[in-house]
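Peer 1: Just dropping this structure here.
What follows is calculated from the coordinates using simple rules that are stated; it is not laboratory data. Because the structure is a prediction, the values reported are computed rather than measured. Methodologically, a virtual Cβ is constructed for each residue, glycine included, from the backbone with ideal geometry; neighbour enumeration extends over all protein chains shown.
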Amino acid sequence: MSCFRNPITKYRILIGAATVVFVASSSASAFFLTDDDYAYLATQNFVRSESIFQNLGPREEARLHALINDVQTENAPAIRTKIVTDALKEFISHRRWEEMHPGQFWGDPR
């Protein structure tokens with residue numbers, strides 16, 4: 001009897017395989033930012049070890065990765081640089097606000 005006859009086992013195998021592929025394709029040091037992303041940021045004088053990169057949340061990392069790899073700005077490096085820099089400034093301002101308001105998040109409606 002094959003294990004694939006059981007739909008739960010088949011589902012678990014598919015989820016496990018998808019997880020392995022996702023983890024293998026992720027950067028070792030960050031969840032969404034790749035080594036290529038950090039290489040791009042280095043060309044813009046942002047160092048990988050800066051505290052802003054250590055404190056990014058998953059959504060911020062995903063957004064930054066998308067901005068760096070946006071095909072619409074691929075041939076417009078000055079525009080890409082401005083967009084990425086503006087996003088990083090926004091992330092930094094959110095951190096500063098959270099430091100000034102302990103226990104709260106900048107987007108919290110309270």
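Peer 1: In whole Hz and in residue order, list the ³J(HN,Hα) couplings for segment 80-87 that follow from phi through the Karplus curve 6.51 cos²θ - 1.76 cosθ + 1.60, θ = phi - 60°; x for Gly and Pro.
Peer 2: Each residue's phi maps through the Karplus curve to give 4, 4, 5, 5, 5, 5, 4, 5 Hz.
Peer 1: Another one. Note down the net charge around residue 33, summing +1 for each Lys or Arg and -1 for each Asp or Glu among other residues with Cβ under 15 Å from its Cβ.
Peer 2: Taking every other residue near residue 33 into account, the sum is -4.
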